[in-house]
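Trainee: Can you read through this structure? Questions will come right after.
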Amino acid sequence: MSALSTGQSGFLFTGQVGYAYTQGISSIWLAIGWAIGDYLAWTLVFKRLRQASEASNSETVPAFLAQKQPGSRSIAIVSALITIFFLGTYAAAQLLAGSKALNSLFGWDYAWGIVIGAIIVVLYCFSGGIRASIWTDSVQTIVMIGALILLFIFTMIAGGGVGNLYSNLGKIDPNLTALFPSDLAWGFVPFLIGWLVAGFGAVGQPHIVVRAMALDSADNMGKARDIRTICGIITAFAAISIGLAGRVLLPSINDPELALLDLSQELLPGILVGVMLAGLFAATISTADSQILSCSAALTQDLFPGLAKSYKYAKIGTLVVTAIVLVIALANNDSVFGLITFAWSILASGLGVLLILRSYNKPVSTPVAIAMMIFGIAVSMFWKLGLGLSSAVYEVLPGMLAGFLVYLIGSLLMPTNQTQINSKNQ
């Protein structure tokens, strides 16, 4: 439940609702592809990750990627920097989502909402570590599910049922009722595969991966996966349905990412609008505090390991990371959907492939490991920003393929002696 809450985040309440509002029924393929990919990640990688991280006594993702092999500090430093900057960008998107909610409900300036969100996140982080984060995430998952189901019911009633909403969508724009997107550059199959690999990209998200590492037993991974999948499907399709209903009930709103809150104010009594706001903040804060804790751990345990045992410096590290996130959030006016999907793709491309190989105990030399991370990120960014092909195939796919390609080339040119690595680890 904690992995669900920290994984879906403000993306669910703002980005996914807004995506459904603009794209129509074809937005279900994002949820379907993502759910299948995520299920595969939990099935194929996370149990092995739990076992391998325990065997290597790794507490953070950069430490697990480094594996105490020759030159491991370089791997830890590069992966920690990737975590701090891009997971920090992901956390900034959560503050932006919360600020949008406060702007919609109270007319507050975005900057004030971002600052207030940052203060709340710091209080969360100071009140406890990963254990506290996991327990509060679990409670917040219940709030999220309850809020989405509540608004789903009200929108279905207000729209006159599923059939009536469907016919009205078609009247607004026939493309909104098309099952498959009509404007895909390379067709539907590459589009779906791209989102499936996006879901599998959970293997590169430190705030999710660390929950698999913290599970009490690898034998419980299947149960955790099933609970997370069932709850995730419920929340994703509730959010999509709300977005579709919003297109019918409020066809001319300025910001589609505010459709959920606009619908809440239109359909719900004041106290239930508060419940919806609580659900949105449960999603954003549960993710932001997990991400900032992961960034703080990367800073104090991986970049500056001499500070790892100091309570004071751990808290200072949290403040430093929060300040970085705050600056990113204040300087960025992108959509929540755009920010989150960009950060997700970079983390998956930069960290995901190496984590898979480590989970399967595959030898990777230090130069190859660093090249995999850098090249994976470069390809992912060039795919999106240089070629502009994200709408055809989400950039996680080319980014992760690039990482695997570097590994294969490196394995041929720089073969690694597994026995030497194992002896170093011991």
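The values are calculated or read from the model by the stated rules, or taken from the named source; none is laboratory data. On a predicted model such as this, the values are computed, not experimentally measured, just so you know. Neighbour counts run over all protein chains shown; Cβ positions are idealised from the backbone, glycine included.
Trainee: Does the range 228-253 hold any residues that are more than 26 Å from N175 (Cβ to Cβ) and either free of Cβ contacts under 8 Å to residues at least 60 places away in the same chain or more than 18 Å from the chain's Cα centre (by Cα) (or both), and which are they?
Mentor: The answer is I230, and nothing else.
Trainee: Taking the options Y313, Y360, name whichever one is over 18 Å from the mean Cα position of the chain (by Cα) and modelled with pLDDT under 90.
Mentor: Y313
Trainee: Would a scan of the range 259-272 turn up a residue that is among the polar types (S, T, N, Q), assigned to a helix (DSSP H, G or I) and in contact (Cβ under 8 Å) with a residue 12 or more places away in the chain?
Mentor: yes
Trainee: Sort out which residues of the range 54-76 are of a type in the set (S, T, N, Q) and at pLDDT 90 or above, and write them in order of number.
Mentor: Passing the criteria: only S74.
Trainee: Under the condition of being free of Cβ contacts under 8 Å to residues at least 12 places away in the same chain and in a loop (DSSP other than H, G, I, E, B), which residue from the range 363-389 is farthest from F188 (Cα to Cα)?
Mentor: The selected residue is L387.
Trainee: For D334, only one of the following conditions fails: (1) modelled with pLDDT of 90 or more; (2) of a type outside the set (V, I, T); (3) more than 30 Å from A132 (Cα to Cα). What is its number?
Mentor: Condition not satisfied by D334: (1).
Trainee: Another question, then. I'd like to verify a number: residues in the range 220-258 that are modelled with pLDDT under 90, among the aliphatic types (A, V, I, L, M) and not in a loop (DSSP other than H, G, I, E, B), how many?
Mentor: 1
Trainee: Same structure again: Looking at the range 140-163, can you tell me whether even one residue there is of a type outside the set (V, I, T) and at positive phi?
Mentor: yes
Trainee: Please go through the range 125-149 and pick out each residue that is within 26 Å of Y311 (Cα to Cα) and over 19 Å from the mean Cα position of the chain (by Cα).
Mentor: Within the range 125-149, F126, S127, G128, G129, R131, A132 meet the criteria.
Trainee: Within the range 20-66, track down each residue that is of a type in the set (A, V, I, L, M) and farther than 30 Å from A259 by Cα.
Mentor: Once the filter is applied, which keeps residues that are of a type in the set (A, V, I, L, M) and farther than 30 Å from A259 by Cα, the range 20-66 yields L40, A41, L44, V45, L49, A52, A55, V61, A63, L65, A66.
For (1) more than 19 Å from S294 (Cα to Cα); (2) without any contact (Cβ under 8 Å) to a residue 24 or more places away in the chain, each residue gets a yes or a no:
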residue: S79; (1), (2): no, no
residue: I84; (1), (2): no, no
residue: G88; (1), (2): no, no
residue: A92; (1), (2): no, no
residue: G98; (1), (2): yes, no
residue: W108; (1), (2): yes, yes
residue: I120; (1), (2): no, no
residue: L123; (1), (2): no, yes
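Trainee: Give the residue, chosen from V209, V189, that is within 25 Å of the chain's Cα centre (by Cα), over 23 Å from L263 (Cβ atoms) and buried (at least 23 other Cβ atoms within 10 Å of the Cβ).
Mentor: V209
Trainee: Any residue in the range 27-50 that's within 14 Å of Q8 (Cβ to Cβ): show its pairings with residues that are of a type in the set (D, E, K, R) at Cβ separation under 8 Å, as long as the two are six or more apart or on different chains.
Mentor: Sorted first by the residue in the range 27-50, then by its partner, the pairs are D38/R228.
Trainee: Would you check which residues across the range 170-188 are modelled with pLDDT of 90 or more, under 9 Å from S26 (Cβ atoms) and among the small types (G, A, S) and list them?
Mentor: A178, the sole residue that qualifies.
Trainee: Right, G201: more than 17 Å from the chain's Cα centre (by Cα), surrounded by 24 or more Cβ atoms within 10 Å (Cβ to Cβ) and not β-branched (V, I, T) or not?
Mentor: no
Trainee: Of the residues S74, S58, S53, only one is outside any helix (DSSP H, G or I) and within 19 Å of A369 (Cα to Cα); which?
Mentor: S58
Trainee: Out of the residues in the range 20-41 that are of a type in the set (F, W, Y) and surrounded by fewer than 24 Cβ atoms within 10 Å (Cβ to Cβ), which is modelled with the highest pLDDT?
Mentor: Per the stated criteria, the residue is Y39.
Trainee: If the Cβ limit is 7 Å and pairs must be 6+ apart or interchain, which residue in the range 53-72 that is under 16 Å from S294 (Cα atoms) pairs with which residue that is among the acidic types (D, E)?
Mentor: T60/D302; P62/D302; A63/D302
Trainee: Can you name every residue in the range 288-347 that is in a helix (DSSP H, G or I), free of Cβ contacts under 8 Å to residues at least 60 places away in the same chain and either in contact with a helix residue (DSSP H, G or I) (Cβ under 7 Å, 6 or more places away or on another chain) or aliphatic (A, V, I, L, M) (or both)?
Mentor: Of everything in the range 288-347, those that are in a helix (DSSP H, G or I), free of Cβ contacts under 8 Å to residues at least 60 places away in the same chain and either in contact with a helix residue (DSSP H, G or I) (Cβ under 7 Å, 6 or more places away or on another chain) or aliphatic (A, V, I, L, M) (or both) turn out to be T300, L307, Y313, A314, I316, G317, V320, A323, V327, A331.
Trainee: Here is a follow-up. Is it the case that the range 166-175 has a residue that's surrounded by fewer than 15 Cβ atoms within 10 Å (Cβ to Cβ) and polar (S, T, N, Q)?
Mentor: The answer is yes; a qualifying residue exists.
Trainee: Please count how many residues of the range 101-117 are surrounded by fewer than 21 Cβ atoms within 10 Å (Cβ to Cβ) and part of a helix (DSSP H, G or I).
Mentor: 8
Trainee: Could we say that Q8 is at pLDDT below 95, buried (at least 20 other Cβ atoms within 10 Å of the Cβ) and under 18 Å from L263 (Cβ atoms) here?
Mentor: No, not satisfied.
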